[in-house]
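None of the figures in this text is laboratory data; all of them are computed from the coordinates on show. All of these numbers come straight from a predicted model, not from anything done at the bench. No Cβ is skipped: glycine too gets one built from the backbone with ideal geometry, and neighbour counts run over all protein chains shown.
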Amino acid sequence: MKPRITLGIFIAAALAVAMVLAFFVSPQASSQPDGLNKVAIDQGFSDNEKTHALDSGPTAGYAVTGVGNDRLATGLAGLIGVTVTFAVAGGLFLVVRQTRRPHEAVGHGAP
Amino acid sequence: MHIPDGFINGGTSAGAGVVAVAALGVSVRRTAEILDEKQVPLAGVVSAFIFAVQMLNFPVAGGTSGHLLGGVLAAVLVGPYMGSLCVAVVLVVQALLFADGGLSALGLNVINMALVTAFGGYLLYLGLRRVLPRTPSGVVLASGIAAGLGVILASFAFTFEYAIGGTGGAAVGTVGGAMIGVHALIGIGEGVITGLTVSSVLAVRPDLVYGARDLVPGLRLGAGAVPATVGR
């Protein structure tokens, strides 16, 4: 149970896996209704769904607008999503870390 | 399991939004206390990975599909507080960029897919760790089972929300039975993906697995302020 790779390599490899899944595998994903949507259809409340306010956005529905090839449109949307999610989450935690006051940081140092 | 606008009425959705914001605020405060510099990119990559895998809908019985929720996976990797924030980021990006999950339903979706799974599912994980061997295999098995059960917990949460403010007048018992039935199947996929991912991280960087800190003495990452609740 020892680390085998550096943190940098781990992060890069995990990000690469996420991008491969989002670009190459997500276009093959099942397009059947998901569990909740199937239940909504079967139980007769799916018609209550309102159109999403951002439904005309450039990447709405996991497809980049204007890309003719459906698989490519989905794959590119996946890449955009992985990149944006990494940036937003990383940014959020950077900000959260900076909200910690210096004296608190010292207090929570070595046990 | 992304709820669109319109399935749950406005008042219930707004109330859920308040609950979600309050709970995420607690997560932010607790995260600020324990966050290690090295965990910033780690949390980013956990979020990005969950986003990618959430795109991979796999077929389950009867013309239905399901995808990973990821709350238990995130909680096992970075702890429930950071983990709930990682999944919440995914849900916000999905709602704003990809029109997946209604804007008014964002609070409901955060409760079901980020909070119930990361906290409820992680409690199940801790319980399972107590009865399973204190080995890497025990960690993988506990993660997988807790992840599968976490999906069922999330479907209970939806049923509860539908009981309070559901539209369309379907019988709550029928909705609940159908939700739990189909999500028990989706939970199998959640469990397999979670187990495989935790197993992979354990193989290369066991010190990065928050839920396995008890197996890696002396290699704790940013865990100085965290009470070790596993196995003590």
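Would you order B:M82, A:M19 from fewest to most other beta-carbon atoms within 10 Å of each residue's own beta-carbon?
Working: B:M82 28, A:M19 19.
Lowest to highest Cβ neighbour count: A:M19, B:M82.
Give the residues of the range A:58-75 whose amide nitrogen is closer than 12 Å to a point set 7 Å from the Cα of A:T51 in the direction of its Cβ.
none
Give me the extension gain from B:L123 to B:D214: residue separation times 0.36 nm, minus the current Cα-Cα distance, reported in nm with one decimal.
On the way: separation 91, 0.36 × 91 = 32.76 nm, distance 1.60 nm.
Extending this stretch completely gives an extra 31.2 nm.
To make sure I understand, if each residue's beta carbon is the centre and we count other beta carbons within 10 Å, what order do B:T117, B:T167, B:T174, B:T197 fall in, fewest to most? Spell out each step's value before the answer.
Values: B:T117 33, B:T167 16, B:T174 12, B:T197 25.
The most exposed by this proxy come first: B:T174, B:T167, B:T197, B:T117.
Which of the aspartates and glutamates could a cross-linker bridge to A:K50, judged by Cα under 13 Å and excluding same-chain residues fewer than eight apart?
Straight-distance partners of A:K50: B:D5, B:D100.
Given C-alpha coordinates of chain A, what is the ratio Rg to Rh with the Kirkwood estimate of Rh? Write down the numbers at each step before the final one.
Values: Rg = 20.4 Å, Rh = 18.0 Å.
With Rh from the inverse mean 1/r over Cα pairs, Rg/Rh is 1.13.
When every alpha-carbon pair in chain B is counted, what percent end up more than 23 Å apart? Intermediate results must be reported in sequence, preceding the final value.
Numbers: 12074 of 26796 pairs.
Value for chain B: 45 percent of Cα pairs lie more than 23 Å apart.
Hey, what do the phi angles of the range B:87-103 turn into as Karplus ³J(HN,Hα) couplings, whole Hz, using 6.51/-1.76/1.60 and θ = phi - 60°, x for Gly and Pro?
These are the phi-based 3J(HN,Hα) values: 6, 4, 4, 4, 5, 5, 4, 4, 5, 7, 8, 10, 6, 10, x, x, 5 Hz.
Would you kindly derive the ³J(HN,Hα) couplings of the range A:79-93 from the backbone phi angles with the Karplus curve 6.51 cos²θ - 1.76 cosθ + 1.60 (θ = phi - 60°), listing them in order in whole Hz, with x for Gly and Pro?
With the stated coefficients, the range A:79-93 comes to 4, 4, x, 4, 5, 5, 4, 4, 5, 5, 5, x, x, 4, 6 Hz.
If the chain between B:D36 and B:N9 were fully stretched, how many nm would it gain, using 0.36 nm times the residue separation less the Cα-Cα distance? Mind dumping the intermediate values first?
Numbers: separation 27, 0.36 × 27 = 9.72 nm, distance 4.04 nm.
Stretched out fully, the B:D36 to B:N9 stretch lengthens by 5.7 nm.
Give the residues of the range A:1-43 whose amide nitrogen is closer than 19 Å to a point set 7 Å from the Cα of B:T135 in the direction of its Cβ.
What the label zone holds, given the 19 Å backbone N cut-off, is A:1-2.
Once both axes come from the Cα atoms, what is the angle between helix B:136-165 and the longest principal axis of chain B, in degrees from 0 to 90, rounded to 10?
20 degrees
Please list, in chain and number order, the residues 5+ apart from B:G66 or on another chain whose amide H is under 5 Å from its amide H, with Hs placed from the backbone.
B:F58, B:V60
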